[in-house]
Every structure is written in structure tokens, then in C-alpha cells.
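What follows draws every value from the coordinates through simple rules; no lab data is involved. Values in this document were obtained by computation on a predicted structure and should not be read as measured data. So basically every Cβ, Gly included, is an ideal-geometry build from the backbone, and we count neighbours across all protein chains shown.
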Amino acid sequence: MPPLVTISIPVFRCEDFILKCLESVRTQTYKNIEVSLINDQTPDDSVRIAKDFIQKHQLQNWQISHLDQNSGLSVVRNKGIETATGKYLFFLDSDDYLKPNCIELLVDIAEKTEAEMTVAQLECQQLQTGQRSICIPLTSPHEIIEGNVAVMTAFARGELVTYAVNKLILTDFIRQNEIWFVPGLYAQDELWTFHMMLKLKKIAITKELTYTYVLHEKSVIHNRNRRHFDNWATIIGHFATELKTVKDNEIRNLIRAHIVNYKTMTLVMNWKAKQDSDEWLYSFKLYQKYPNLRFTDYFSGSFSASVKKKSLKLMLPPQIAVRLFRWMYYR
């Protein structure tokens, strides 16, 4: 019998999108699926829509769980991990939808390769225009990445993706390694993926499109503010904690490179969100208390020229840094 796959879907303020999401799951070509809908005390009609959908189609292996209070996406994701009974776990957000062969394709690859995590390409769709693009590309040239150093190298180079959705992961692997989402974070996928990468020994990759990520006016990507900027600094703090505890020097160097890249990426995102020098400087000063490259790292072949340049910019006096950043990225 083909392995059971648990699809975990958060339910919160998604009444305009959830029907299309659920229909994309119901019509999957792969049938051995359980669906775990987790209600984060949504105030809208999402739960009623889901209940009616389940009843209409007499879906036996679909259930809705209710959190006692609104707790945020991290707690919802953790509930999905706790309650999953499938061999594999797949996260799907309620405003997105799947290609018909998504789960069948991922299961086939996972079973053949025995990968702990199998990931495919997603596309972004602008809700208002319908325009589609590969907005977050999987750039790894490999179909299989084996060995933790190889996994972390690809991650630090930005060749893998940091969202939690559209990944088929062995449920027992997550539980045994205690890879939980940290409650209270708005960019929880970034940190969870980082913790995942520290443990993974085998990833399978396909560039086939399996998932549509819908961008709309309520999407987080369009509504970033200081709480998100603080959140990014908190995540960097978690990276820095792992840097202190990891003993393998090669992995430590990869974590340090990732910190530099993450700081730079989020500073760019900060400016795109607000185009406010004061807000940018606020984050830049927060970041300065976390590690960059050390003096000796600039003479090491363990770090690319790009990472070395980024690290130097992050160590500039704030007023010079903001001018240089704007000139480099927003000319």
C-alpha cells in the first residue's frame, strides 16, 4: 500500500481562498492522504466553509482541530506535526493551492531516493492580475544532496528555499530531531528551515512546478513593519546561538556565512518595505551585535568573495552603511 501523507493546513482569515485550496487537495492524483485542518480561532467563515466542503464530498480522512485560543502560525504548524499519522508530512497554506500531481510526484521521488525531505519548485501568482512567476527559485544544480555538510553548503549559498510549504518530509524525522517552530515569530519558516538543515543528511529536489503561492493584499510580503524587522533580528540571534553550540568547524563557517547573507537579505527587504532610513538604521544597529566574519575569515578560502564583501559592509558606521546600501541596491 502506498504511504500515507498528512497535509496540514492552517485555518485563519482565509474565507476568500480556502475553497480553492481544499479542492486542489481533494483532486490530487495521489489518494492515500489525510488532511489536518487546524483552526487558529479564525473570526471569519473559514471553518464553516471547510466543514461544508468535507460534508459535501463525504471526505472520511479529513478532520478539523481547534486551538483553544489564537496562537499564531508556529503553534498551528507544531499542532500539525504532533497530530500527523502519515509517514510523510506536507504543509499547505490555506490561501495557496496544489498542482494535481503534487503529492504523487513528491512521494514517488521520496520513496525511490529515501530522502528525508523532498522539495519541488513553486510559482507565485498575483491575485489581481493572475500573473505567474518563479519568484523564489530552487537554484541547486543537484537532484540529490547527500551528507549534512553538502546540505548546509547548499543552504548557505542560497540554493535551497526556506519556506515550510511544498516540502514532503518524513514525519518521524521531524519528531525524532525535535524540529519545532518557535512560537511568536512572524518569519517562522526561516528559523525552522535552518534547524531542519542542521539535521538533514539527504534531500531530493525536483524543478517541476507543484504548488502555487498566491500573492494578495493580505500577504505578509506586502505588509512588513517594525515587528517583522525585530523578528528578523530575533532569528539572527537564534542563528548566533547555534554558532556557539555547533562543534564542527566546517558547519560553523557555513552558519557564519548564512548569518551574513541573511542580514544582507533582510536589510534589502526592510528598505523595500518602508524606504525609511530611520527604520533601516534601527535594524542595522540591532544586527551589529550579532556575528559577522572574523578578521582571519577574510584570509580564508572557506568564505566566498561575495560573503566577505557583504560582511565588510555590515561592519561600516551606520550612516555610511545606509548610503552605500541605497546606492548599491536601489540605484
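Take the Cα atoms of the stretch 134-226, build their convex hull, and give its volume per residue in Å³.
Working: hull volume 11.3 nm³, N = 93.
Each residue corresponds to 121 Å³ of Cα convex hull volume.
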C-alpha center-to-center spacing [the stretch 11-79, the stretch 159-214] in angstrom: 20
Test item: Cα-centred dipole of the chain, Lys/Arg +1 and Asp/Glu -1 on Cβ, debye: 1420
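R0 = 25 Å: FRET efficiency of D278 with F299, Cβ-based, nearest 0.05? Spell out each step's value before the answer.
Details: r = 36 Å, r/R0 = 1.44.
After rounding, the FRET efficiency stands at 0.10.
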Correct choice for Cα Rg over 2.2 N^0.38 Å that was computed from the model, options [x] 1.31; [y] 1.16; [z] 1.02: [z]
Cα long-axis angle, helix 249-274 against the chain (0 to 90 degrees, to the nearest 10): 80
Spin-label zone in the stretch 43-86 - amide nitrogen under 17 Å from a point set 7 Å from the Cα of L127 along the C-beta vector: 43-47, 49-50
Among Y287, V260, S302 the positive-end extreme of the charge dipole of the stretch 252-304 (Cβ point charges): S302
In sequence order, calculated HN-Hα J values of the stretch 133-150 (Karplus, 6.51, -1.76, 1.60; Hz; x Gly/Pro): 7, 8, 7, 10, x, 7, 9, 4, x, 9, 8, 10, 10, 10, x, 5, 5, 5
Whole-Hz couplings from phi, Karplus 6.51/-1.76/1.60, listed for the stretch 19-36; x for Gly and Pro: 4, 5, 4, 5, 5, 5, 7, 4, 9, 4, 5, 8, 9, 7, 10, 10, 10, 10
Potential extension, N101-T85 segment - 0.36 nm per residue separation minus Cα distance: 3.6 nm
Gyration tensor over alpha-carbon atoms, the stretch 224-329, equivalent ellipsoid semi-axes in Å: 24, 16, 10
Extension reserve of the I136-Q288 stretch, reckoned as 0.36 nm per residue once the Cα distance is removed: 52.0 nm
Rounded to whole Hz, the Karplus (6.51, -1.76, 1.60) HN-Hα couplings of the stretch 306-313, x for glycine and proline: 5, 5, 4, 5, 4, 4, 4, 5
